[in-house]
Amino acid sequence: GVAASVTADEDEERYEVKLTPMRLAIARRLAQSAQDATHFYTTAELDLTDAIEHLPAGVGINALLMYTTVGALGDVPQINATYENGRLFQYNHVHLSLAVALPDGLISPVLHHAEDYSMVGLATRVKDLVTRARASRLKIDELQGGTFTLSNLGVMPQIQQFTAVINPPQVGILAIGAAKERPVVINGGLHIRTTVYVTLSADHRVVDGMLAAQFIQAFDARLQSFSA
């Protein structure tokens, strides 16, 4: 867990939780990101209804959203980038970092060359990465080289939307809330559709608002045109 040991104050009204090395490393990294990267946020509610109907057997919404993220990064490659010591690097391949919660912190395994996978292949590979991440059995190269991060809290139905802190030196992270049935007005009529809120956190030092909007637009276009 988070605590290596617990020390009680004399009054026993509070306890010091000794932080693990992982938790301390996360604290340093996120503080660096908050200090260095000029975060801004772009949020949209997107309709998943039609895409869900075309999902391959055994493939869930999470795989759909990962697959769509990879495609959108190909459409808007300026977001598939890192900013390091005043130098901006764009990448020819998508190396997708996935935020995975552990009992004592957070780890981000990397799916290298994510654009090479079918949706079914991506789902299988990510399941393997997440399983081994939780068992502390990842290889070093599976934790390095990410070009963009996806953080999905949609497994918790109470989470409608949230904003995430950029994983440096990357310039963007996509936060995804729970997919739910919600009322939507279409052509003046009220319909119940399955929608999801997505929020792109981007580094304003190298990403402008219009570029962030174009990424969300590309993401939505791929969702609406998706067929297995």
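Read the figures in this text as sums done on the coordinates, not as results from a lab. Since the structure is predicted, the reported quantities are computational estimates derived from the model, not experimental observations. Positions of Cβ are generated from backbone atoms using ideal geometry, with glycine treated the same way; all protein chains shown enter the neighbour counts.
Points worth noting:
- Sorted by Cβ neighbour density within 10 Å, fewest at the top, the residues D203, D141: D141, D203
- Largest mean-square fluctuation among A179, A212, A63, in a Gaussian network model of the chain whose springs join Cα atoms under 10 Å apart, belongs to A63.
- Structural size metrics of the range 183-228, computed from C-alpha coordinates, are Rg and Dmax of 14.2, 42 Å.
- Cβ-placed point charges (K, R +1; D, E -1), dipole of the chain about Cα centre in debye, nearest 20: 440 debye
- Calculated FRET efficiency for the pair V155/Q224, C-beta based, R₀ 25 Å, to 0.05: 0.55
- Spatial separation of Cα centroids for the range 122-157 and the range 172-210, in angstrom: 23 Å
- Cα-based helix-to-principal-axis angle, 61-75 vs the chain, degrees rounded to 10: 80 degrees
- Length-normalised contact order for the chain - Cα pairs under 8 Å, 6+ apart - percent: 27 percent
- For a straight C-alpha distance cut-off of 16 angstrom, the aspartates and glutamates reachable from K180 (same-chain residues fewer than eight places away being disregarded) are E45, D47, D50, E53.
- Principal axis dimensions, largest first and in whole angstrom, of the chain by Cα: 65, 41, 33
- The range 144-222: C-alpha pair distances exceeding 19 Å, %: 46 percent
- Computed from phi, the 3J(HN,Hα) profile of the range 121-138 under the Karplus parametrisation 6.51, -1.76, 1.60 (θ = phi - 60°) reads x, 4, 4, 5, 5, 5, 4, 5, 4, 5, 4, 6, 4, 6, 9, 6, 10, 7 Hz, with x in place of Gly and Pro.
- Globularity index of the range 68-107, i.e. its alpha-carbon radius of gyration over 2.2 N^0.38 Å: 1.46
- Surface/4 estimate of mean projected area, convex hull on alpha-carbon atoms of the range 38-126, nm²: 7.9 nm²
- Inter-site label distance for E142 and L190 at 7 Å from Cα along Cβ, in nm: 4.8 nm
- The ellipsoid equivalent to the alpha-carbon distribution of the range 28-90 has semi-axes of 31, 14, 12 angstrom, derived from the gyration tensor eigenvalues as √(5λ) and listed largest first.
- Extension reserve of the D75-V17 stretch, reckoned as 0.36 nm per residue once the Cα distance is removed: 16.4 nm
- Cα convex hull volume per residue for the range 14-61 (Å³): 234 Å³
- Under 16 Å from K127, Cα to Cα: aspartates and glutamates that are on another chain or at least 8 residues apart: E142
- Spacing of the modelled spin labels on F89 and E53, each 7 Å from Cα toward Cβ, amounts to 4.4 nm.
- For L48, the residues 5 or more places off, or on other chains, whose built amide H falls under 5 Å of its own are T194, T195, V196.
- Between the listed residues H54, L88, A99, the Cα displaced farthest toward the positive end of the dipole of the chain, a dipole computed from Cβ unit charges relative to the Cα centre, is found at H54.
- Potential extension, R125-R28 segment - 0.36 nm per residue separation minus Cα distance: 31.9 nm
- Think of it as helices only: each DSSP H run of n ≥ 4 in the chain is worth -39500 (n - 2.57), and spread over all residues that comes to -9500 deg cm²/dmol at 222 nm.
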